[in-house]
Amino acid sequence: MENFIVSARKYRPVTFESVVGQLHITNTLKNAIKSNQLAQAFLFCGPRGVGKTTCARILAKTINCQNLTAQGEACGICESCNSFLHGNSFNFHELDAASNNSVDDIRNLIDQVRIPPQGGKYKVYIIDEVHMLSQSAFNAFLKTLEEPPAYAIFILATTEKHKILPTILSRCQIFDFNRIKVEDMAGHLSKIATREEITFDNDGLHLIAQKADGGLRDALSMFDQIASFSNRNISYQAVIDNLNILDYDYYFKLTDFLNQEDTASTLLLFNEILNNGFDGNHFISGLASHFRNVLICKDPSTVQLLEVSENIKQKYLDQSKATSSSFLISALNIANQCDLNYKISKNQRLQVELALIKIAHLQQAFSLSKDGNVRDHIEQVKKKPENLAPQVNTTIPSQEKKTPLVTENTNSKPAAAPPVTYQQPDNSASVVREEKRPAINIPASGNSLLKGGGTLIPNIKNPSAIKTVKEDKNEPEYVTGVATTHFTQDDFIKVWVDYSRMAKEQGKMSLVSLMDNYTPTLKDNYRIELVLENKLQSEELISERIDILNYLRTKLSNFSITLEPIIDEVVSERKLYTSKDKYQHMVDKNPNIDLLRQAFGLELD
């Protein structure tokens with residue numbers, strides 16, 4: 001039985017041309033060989049599986065090749081190339097620094113450097129995982145690395161460049177290897193599959209390339225695994241089943257549910273995902289990535305940032321047309337916050353479900369514009385003439401100022417509104433007129449402007465305007481076409497404190513500290529200003545502004561409320577922390593204190 005060789009070894013590049021995704025490095029090395037301008041030491045650094053050690057071996061073979069091609073590649077047939085291929089070349093030495101990291105190992109290497117090459121121009125020393133060398137070993141290696149013999153070339157490879165001493169870095173030419181692009185990796189896998197006569201589809205290969213996270217060695221290992229699992233038929237479904245990857249279709253379906261405010265279907269789909277064995281943290285991070293992909297499809301110039309196959313890219317483009325940018329940005333922020341809080345949460349499933357519920361209600365929150373008008377809801381009601389009452393032609397004499405006395409219709413079924421009496425404000429003889437206006441009964445629902453149901457009554461002055469009737473002693477007044485209940489600073493502070501308590505129960509301690517330490521002020525046109533000290537506090541408030549405004553507007557029955565954080569530019573008085581600061585503050589107020597200290601020879605603690 002023939003021994004199986006994994007693809008990562010079988011298809012390891014043997015020439016610069018066959019290296020995948022590192023064209024900037026291979027071209028530089030070939031030009032240096034052609035012009036005979038090789039450095040004494042190279043440092044190859046980058047992520048795992050991107051070709052660092054492979055390029056080091058190709059460079060070592062090429063510089064000793066006796067018959068270089070016109071493209072600067074090794075011929076592969078000369079004596080030097082053959083000895084390198086069979087592993088018996090005396091001009092090539094490879095050291096694993098992970099297991100040979102002591103001073104004695106470096107001393108042995110230095111002793112070998114003193115011996116000139118036996119058959120060739122250069123002796124090449126490759127030190128893999130060089131960051132694993134000890135501090136003493138690095139120091140012992142410095143002098144030889146700086147002034148090696150003319151025939152010695154050192155190639156150092158590492159995945160963690162920041163762990164290498166600056167004195168070592170300054171003696172090397174540094175080459176930074178990039179993560180291999182998904183497209184390049186998928187193309188390379190398709191070539192290997194064609195050679196091995198393995199059937200495949202492009203979506204499956206793209207999924208393998210994405211899962212590899214820029215490392216070709218990882219991609220080839222998964223390629224072999226799935227080829228065995230699927231009996232040499234690499235399909236999209238086989239990749240999903242074998243690598244435990246959450247299908248794209250789940251995210252597309254979930255986004256449609258969220259965009260339609262279908263909370264029930266959203267939670268059921270999340271439950272199905274959990275039942276299939278997927279982790280909640282993996283799900284929420286994938287959902288955030290999905291929102292990001294949909295968002296970048298909004299602009300044709302950023303579609304190229306998608307690293308998916310053409311079929312999946314078309315699905316992203318279609319969904320981006322049906323989803324607003326404001327929804328995607330807010331949903332991305334909520335998903336990212338959930339991802340950050342997931343590991344510290346005691347009830348992790350509830351953390352994800354709460355995030356999904358918030359995202360599902362974003363469209364309802366967006367219906368409230370910045371100045372408090374409920375334009376979207378009004379337009380929806382206008383489009384349904386069967387739900388609107390006919391206009392009432394009421395003529396009111398201009399010389400009389402009349403105040404409508406409105407009562408609430410508490411019946412669950414639609415009923416005629418009670419008569420409205422208009423009276424003159426003074427104590428003179430009153431002129432009483434009665435007009436009956438039809439009322440519209442709104443059932444209790446999540447999309448209703450009136451939580452728990454209520455009655456909407458057309459405005460006599462503007463029949464298309466709508467006013468909410470609440471159980472409140474204050475009489476509503478019309479502001480920009482929407483009924484707005486007046487409230488005082490004290491009324492507002494009570495509601496503000498209630499929300500702070502609710503935020504404390506939800507564990508939002510930074511928001512609670514901000515709301516408790518800074519007192520908001522009610523300005524004209526129901527504009528609330530909160531003076532803060534820095535930008536971080538302002539960003540914290542802005543991130544929660546939608547929830548705060550919804551709570552304030554509902555509790556105070558006023559949809560014209562706006563909340564504006566203001567950063568105070570005046571530098572506050574410096575706080576006194578140390579004993580010296582406190583003493584100096586006292587001396588500034590009373591200089592005799594310092595005379596008293598000098599007279600008694602006292603010292604500050």
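Give the number of residues within segment 224-238 that are within 17 Å of Gly286 (Cβ to Cβ) and touching a residue at least 60 places away in the same chain (Cβ under 8 Å). Steps first, answer last, please.
Going residue by residue through segment 224-238, those that are within 17 Å of Gly286 (Cβ to Cβ) are 236.
Restricting the remaining residues to those that are touching a residue at least 60 places away in the same chain (Cβ under 8 Å) gives none.
Going through segment 224-238 one residue at a time, the tally reaches 0.
Tell me, which residue of segment 255-278 that is without any contact (Cβ under 8 Å) to a residue 60 or more places away in the chain and surrounded by 15 or more Cβ atoms within 10 Å (Cβ to Cβ) is farthest from Lys358 (Cα to Cα)? Write out each step before concluding.
Filtering segment 255-278 down to residues without any contact (Cβ under 8 Å) to a residue 60 or more places away in the chain leaves 260, 264-265, 268-269, 271-273, 275-278.
Those left that are additionally surrounded by 15 or more Cβ atoms within 10 Å (Cβ to Cβ): 265, 269, 273, 278.
Numbers: Ser265: 14, Leu269: 16, Ile273: 19, Phe278: 22 Å.
Among those that are without any contact (Cβ under 8 Å) to a residue 60 or more places away in the chain and surrounded by 15 or more Cβ atoms within 10 Å (Cβ to Cβ), it is Phe278.
Considering (1) more than 28 Å from Asp201 (Cα to Cα); (2) more than 20 Å from the chain's Cα centre (by Cα), the lone condition that Leu356 does not fulfil carries the number (2). Exactly one residue among Glu94, Glu73 is modelled with pLDDT of 85 or more, part of a strand (DSSP E or B) and of a type in the set (Asp, Glu), and that residue is Glu94. Among the residues of segment 85-131 satisfying the criterion of being small (Gly, Ala, Ser) and over 19 Å from Ile63 (Cα atoms), which is surrounded by the most Cβ atoms within 10 Å (Cβ to Cβ)? Taking the candidates together, the pick is Ala97.
Asn231 - would you say it is under 30 Å from Ala137 (Cα atoms) and part of a loop (DSSP other than H, G, I, E, B)?
Values: under 30 Å from Ala137 (Cα atoms): no; part of a loop (DSSP other than H, G, I, E, B): yes.
In short, no.
Among the residues that make up segment 552-565, is at least one of them surrounded by 12 or more Cβ atoms within 10 Å (Cβ to Cβ), aliphatic (A, V, I, L, M), in a loop (DSSP other than H, G, I, E, B) and over 35 Å from the mean Cα position of the chain (by Cα)? Checked segment 552-565: no residue is surrounded by 12 or more Cβ atoms within 10 Å (Cβ to Cβ), aliphatic (A, V, I, L, M), in a loop (DSSP other than H, G, I, E, B) and over 35 Å from the mean Cα position of the chain (by Cα). Taking the criterion of being hydrophobic (A, V, I, L, M, F, W, C) and surrounded by fewer than 20 Cβ atoms within 10 Å (Cβ to Cβ), the residues of segment 334-352 that qualify are Leu340, Ile344, Leu350.
Any residue at all in segment 347-359 that is part of a loop (DSSP other than H, G, I, E, B), modelled with pLDDT of 90 or more and on the phi < 0 side of the Ramachandran plot?
Start the filter on segment 347-359 by keeping residues that are part of a loop (DSSP other than H, G, I, E, B), which leaves 347.
The next check asks that each one be modelled with pLDDT of 90 or more; those that pass are 347.
Then drop every residue that is not on the phi < 0 side of the Ramachandran plot, which leaves 347.
Yes, segment 347-359 contains a residue that is part of a loop (DSSP other than H, G, I, E, B), modelled with pLDDT of 90 or more and on the phi < 0 side of the Ramachandran plot.
Among residues belonging to segment 25-40 that are assigned to a helix (DSSP H, G or I) and touching a residue at least 24 places away in the same chain (Cβ under 8 Å), point out the one that is farthest from Cys65 (Cα to Cα). Can you show your working first?
Our first condition is that a residue be assigned to a helix (DSSP H, G or I); within segment 25-40, this holds for 25-34.
With the extra rule that they be touching a residue at least 24 places away in the same chain (Cβ under 8 Å), the set shrinks to 25-26, 28-31, 33-34.
On the way: Ile25: 20, Thr26: 17, Thr28: 18, Leu29: 14, Lys30: 13, Asn31: 15, Ile33: 11, Lys34: 12 Å.
Going through the qualifying residues, I end up with Ile25.
Are any residues in segment 158-192 among the charged types (D, E, K, R), in a helix (DSSP H, G or I) and under 28 Å from Leu305 (Cβ atoms), and if so, which ones?
Of all residues in segment 158-192, those among the charged types (D, E, K, R) come to 160-161, 163, 171, 176, 179, 181, 183-184, 191.
Pick out the ones that are also in a helix (DSSP H, G or I) and you get 161, 163, 183-184, 191.
Passing the criteria: Lys161, Glu183, Asp184, Lys191.
Of all the residues in segment 48-74, those that are loosely packed, with under 15 Cβ neighbours inside 10 Å and farther than 15 Å from Ser18 by Cβ number 4.
Listed residues Ala331, Ala322, Ala288; which is exposed (fewer than 15 other Cβ atoms within 10 Å of the Cβ), in contact (Cβ under 8 Å) with a residue 24 or more places away in the chain and not acidic (Asp, Glu)? Write out each step before concluding.
Values: Ala331 fails: exposed (fewer than 15 other Cβ atoms within 10 Å of the Cβ); Ala288 fails: exposed (fewer than 15 other Cβ atoms within 10 Å of the Cβ).
Among Ala331, Ala322, Ala288, only Ala322 is exposed (fewer than 15 other Cβ atoms within 10 Å of the Cβ), in contact (Cβ under 8 Å) with a residue 24 or more places away in the chain and not acidic (Asp, Glu).
Among residues of segment 299-309 being of a type outside the set (S, T, N, Q) and surrounded by 11 or more Cβ atoms within 10 Å (Cβ to Cβ), the one that is farthest from Glu183 (Cα to Cα) is Asp299.
Of all residues in segment 298-319, those that are more than 24 Å from Gly214 (Cα to Cα) and either without any contact (Cβ under 8 Å) to a residue 24 or more places away in the chain or assigned by TED's automatic domain parsing to the domain that holds Glu540 (or both) total 4. Checked against (1) without any contact (Cβ under 8 Å) to a residue 40 or more places away in the chain; (2) buried (at least 18 other Cβ atoms within 10 Å of the Cβ), Leu356 passes all but a single condition, namely (1). As a summary of the residue check, Asp241 satisfies the conditions (1) in contact (Cβ under 8 Å) with a residue 24 or more places away in the chain; (2) within 28 Å of Lys343 (Cα to Cα); (3) in a helix (DSSP H, G or I); (4) over 20 Å from the mean Cα position of the chain (by Cα) except for the one numbered (1). Taking Tyr583, is it in contact with an Asp or Glu (Cβ under 9 Å, 6 or more places away or on another chain), surrounded by 14 or more Cβ atoms within 10 Å (Cβ to Cβ) and modelled with pLDDT under 85? Taking the combined requirement at face value, the residue satisfies it.
Residues satisfying the criterion are absent from segment 132-148 (criterion: within 35 Å of the chain's Cα centre (by Cα) and surrounded by 21 or more Cβ atoms within 10 Å (Cβ to Cβ)). Exactly one of (1) touching a strand residue (DSSP E or B) at 6+ places or on another chain (Cβ under 7 Å); (2) modelled with pLDDT of 90 or more is unmet by Val103. Its number? Going through the list (1) touching a strand residue (DSSP E or B) at 6+ places or on another chain (Cβ under 7 Å); (2) modelled with pLDDT of 90 or more, Val103 breaks only (1). For segment 172-191, indicate whether the set of residues that are in the same structural domain as Gln22 (by TED's automatic domain parsing), in contact (Cβ under 8 Å) with a residue 60 or more places away in the chain and more than 37 Å from the chain's Cα centre (by Cα) is non-empty. Looking for residues that are in the same structural domain as Gln22 (by TED's automatic domain parsing), in contact (Cβ under 8 Å) with a residue 60 or more places away in the chain and more than 37 Å from the chain's Cα centre (by Cα), one finds none in segment 172-191, hence no. The residues in segment 193-223 that are surrounded by fewer than 19 Cβ atoms within 10 Å (Cβ to Cβ), part of a helix (DSSP H, G or I) and over 28 Å from the mean Cα position of the chain (by Cα) can be counted, and the count is 3.
The values are calculated or read from the model by the stated rules, or taken from the named source; none is laboratory data. If you're wondering where the values come from, they're calculated on a predicted model, not measured in any experiment. Glycine also receives a Cβ, built like all others from the backbone with ideal geometry; neighbour counts cover every protein chain displayed.
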